[in-house]
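Readers should treat all values here as calculations from the given coordinates under stated rules, not as data from a laboratory. As the structure is a prediction and not an experimental result, all values here were calculated from the model. Positions of Cβ are backbone-derived with ideal geometry, glycine not excepted, and every protein chain shown enters the neighbour counts.
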Amino acid sequence: MIAEAHPRQREREAGGSELSGRAAAGKTARQSAAQRLGAAVVGAVLLLAAFSGAAPAAQGEDGAARANGRWISEAGFIGGYGTAPIDEGRYKTALLIAHIGMDVNRFLPGLRGHRGTLSLFLEPQFNPVLKPSAVEFGLGIGLQYAYPLTERISPYILLVTGPHYITVDTTTQADGFSFSNAIGVGFYLTLTKGVALNCGYRRRHVSNAELRQPNSGIDSDIGLLGVSFFF
């Protein structure tokens with residue numbers, strides 16, 4: 001009976017190794033699919049913004065005259081780096097964000113003619129996680145208020161929230177669907193007419209509203225640098 005136990009034990013161990021291998025392969029496949037989907041979404045939005053911004057220039061004075069009626073008033077790209085504490089150490093993220101904004105002053109009688117700009121914006125993003133190896137992507141929806149202190153410098157404050165998806169394997173936060181919420185400050189530095197450097201800082205919280213456990217949340221400090229085009 002003792003001699004028969006060894007082959008059975010080896011079979012169980014082999015079966016367990018095979019299941020672990022399949023689980024790892026499945027997670028890798030999900031991460032690859034998430035990377036392709038996130039990159040495709042961000043690329044499509046950037047392409048749409050580029051065509052949207054280029055159209056008035058191509059149409060000459062008529063296009064410029066109609067620019068005030070455009071929905072999109074700002075299109076830009078922002079890159080950044082974020083870090084947060086998790087149970088396993090540090091969560092380090094490279095952020096790749098498309099920023100699409102709409103000036104809403106014209107819809108609010110109290111802000112018409114106001115020097116500052118209140119804008120509604122969308123931020124599709126695809127963010128490689130550098131440590132531990134993973135990926136995240138999502139869509140931010142937010143409000144931003146910017147005020148020109150000088151001809152070149154306009155500080156701003158913003159709030160942004162939206163659905164997010166993470167693939168990180170940590171005991172701090174369950175992977176999968178979640179929500180991202182952030183508050184940020186920064187400033188625009190005008191480079192040329194209609195083009196500005198965007199420098200900012202955000203404090204971001206990612207969790208899943210108790211949909212899954214664990215749900216301690218990932219709180220990141222994020223530095224951002226990008227370029228924006230204004231129409």
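Estimated from the Cβ-Cβ distance and a Förster radius of 25 angstrom, the FRET efficiency linking LEU191 and VAL104 is about 0.50. Cβ-Cβ distance of PHE177 and LEU225, R₀ of 30 Å, FRET efficiency by 1/(1 + (r/R0)^6): the value works out to about 0.55. For THR117, neighbours were defined as the other residues whose beta-carbon sits under 13 Å from its Cβ, and their charges (Lys and Arg +1, Asp and Glu -1) total +1. Round to the nearest 0.05 the FRET efficiency obtained for THR150 and ALA94 when R0 = 35 Å and r is the Cβ-Cβ distance. Taking R0 as 35 Å, the efficiency between THR150 and ALA94 is 0.65. Placing dummy labels 7 Å off each Cα toward the beta-carbon, the span from ALA209 to HIS114 is 2.9 nm.
Against the empirical 2.2 N^0.38 Å (N residues), segment 88-231 has a Cα radius of gyration ratio of 1.16.
Let a ≥ b ≥ c be the square roots of the eigenvalues of the Cα gyration tensor of segment 95-153; is it rounded (a/c under 1.5), or, if not, prolate (a/b larger than b/c) or oblate? Judged from the Cα gyration tensor, segment 95-153 comes out prolate (a/c at least 1.5, a/b above b/c).
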